[in-house]
Amino acid sequence: TGYFTYDPGYTSTGSCDSAITYIDGDKGELQHRGYSIEDLAGKSDFMEVAYLLLHGELPNKEEKDTFTQTITNHTMLHEQMLFFYRGFRRDAHPMAIMVGVVGALSSFYHDSTDINDPHQRMVASIRMIAKMPTIAAMAYKYSVGQPFVYPRNDLSYAENFLNMTFSVPAEDYKISPAVARAMDRIFILHADHEQNASTSTVRIAGSSGANPFACIAAGISSLWGPAHGGANEAVLTMLEQIGDKKNIPEFIARAKDKNDPFRLMGFGHRVYKNFDPRAGVLKQSCHEVLEELGVQDPLLDLAMELEKIALEDDYFVQRKLFPNVDFYSGIILKAIGFPTSMFTVLFALARTVGWVAQWNEMITDPNQKIGRPRQLFLGHAQREYVELEDR
Ligand code: CMC
């Protein structure tokens, strides 16, 4: 009943208006609140970008200090959450733990779930941004059987996360400034990307007025898939599978074969029909970090060769398939010491900022309505019910 447009995958449906992130897919440009991602990644830091996404303007010094202090004050996770972790199998995927633990926060914070109260919304947003590194690091610690490390208020957001992830009781993790900077830059590059699948999931979940922590858990679930945030994990698995430059043509041929479900992971994008600008920044970061850490990873050479061959191949040229953000991030994360299973977790951690900014924007949008797509029904016309004994 009624007129609607059939648009699988919403390739041409604008679901909202937004003032947060602008993408020009043909030119390969990305801006947050008017600032280019290259400027933000090169000159800013994650706390500033978080403030910018949430509040619309870059903070002045005092605003930045206050914001950072507020985030720092909320990094602890309630001790009772530790029992929750212990309920997971020890080899549970950390993304599964993230979905569960973030969803469980909805049962803890009854003082920040009135979505119509701007103060409560901001407290919920701050809590999520502040606690995500703690939750992520604890997911990692649990998976390797090491004791949880508590947050430290004297460290920056990225440093604190690295410390909680890699410190062990016998030895504090030595935080290299270059690694902390690279971590912070990875967070900036993943902070927001307008109406992607996980952000749309958060918006649609929130459009019913649902609990904000539960909405973010829904976003994490959507991000997990290999076509979305899970691609960074899939890229590394793919590079390891390729193993040697001489095998690249075989995998390129498989990616082009329509009877083979294999796709070149870290390539292609719904919106970018040009270089993903985040991939450019990460490629450069990748060289810097590996040099700083003295890591020689043959996977980097392999990735560069794969990129070169794909960019010259007609199939990829015609379809405008370029490397995306996930293509190089995994190599940096591996060099820092993260296991592959943590890659998408780091994406979720950083994207939380975008999710809460978009969620806040949606709640305050005067045109906001419950998300409710229509369908093209292709099933049976009405028919007679057949009793069980007659079937
Ligand atoms: N390898 C081989 N062929 C591809 C690839 C790829 N990575 N990506 C797209 N194509 C082909 C696809 O088969 C189709 O060909 P044809 O027109 O002959 O049928 C054409 O390119 C258009 O693809 P599509 O699936 O209609 O495009 P989409 O906008 O629905 O999908 C995508 C976008 C990102 C899901 C897809 O490019 C893909 O699966 N890429 C690999 C996974 C990946 O790297 N994801 C990360 C995306 S960026 C970060 C994030 O969102 O988290």
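Derivation of every value follows stated rules applied to the coordinates shown; laboratory data play no part. Computed from a predicted structure; not experimentally measured. Cβ sites come from the backbone with ideal geometry, for glycine too, and all protein chains shown count toward neighbours.
Assorted remarks:
- Packing, taken as the mean count of other beta carbons within 10 Å per residue, orders the peptides 112-118, 352-358 from highest to lowest as 352-358, 112-118.
- Packing-based exposure ordering (other Cβ within 10 Å, fewest first) of Thr66, Thr11: Thr11, Thr66
- Farthest towards the positive end of the charge dipole of the stretch 231-336, among the residues Val295, Gly268, Val235, is the Cα of Gly268, using unit charges on the Cβ of Lys, Arg, Asp and Glu.
- The chain: DSSP helices with Cα axial extent of at least 27 Å and average Kyte-Doolittle hydropathy no lower than -0.5: 118-144, 343-363
- Put simply, the C-alpha atoms of the stretch 273-391 give a gyration tensor, and the ellipsoid matching it has half-axes of 43, 24, 19 Å, longest first.
- Net charge dipole size for the chain [Lys, Arg +1 and Asp, Glu -1 on Cβ; Debye, nearest 20]: 520
- Cβ-to-Cβ counts within 10 Å put Tyr315, Tyr6, Tyr140 in ascending order as Tyr6, Tyr315, Tyr140, the fewest first.
- Computed label-point distance, nm, for sites Asp7 and Ala381 using a 7 Å Cα→Cβ extension: 3.1
- Here the contact order of the chain, divided by its residue count and restricted to Cα pairs under 8 Å and six or more residues apart, works out to 23 percent.
- Length-normalised contact order of the stretch 231-336 in % [C-alpha pairs under 8 Å, at least 6 apart]: 43
- Full extension of the chain between Gln80 and Glu63 yields a length gain of 2.9 nm, computed as 0.36 nm times the residue separation minus the alpha carbon distance.
- Amide H contacts of Phe267 (H built 1.01 Å from N, under 5 Å, at least 5 apart or other chain): Asn324
- When the trypsin sites (Lys or Arg not before Pro) in the stretch 38-140 are filtered for DSSP coil states and for at most 15 other beta-carbon atoms within 10 Å of their beta-carbon, the remaining sites are Arg89, Arg90.
- The stretch between Gln368 and Arg90, if pulled fully straight at 0.36 nm per residue, gains 95.9 nm over its current Cα-Cα span.
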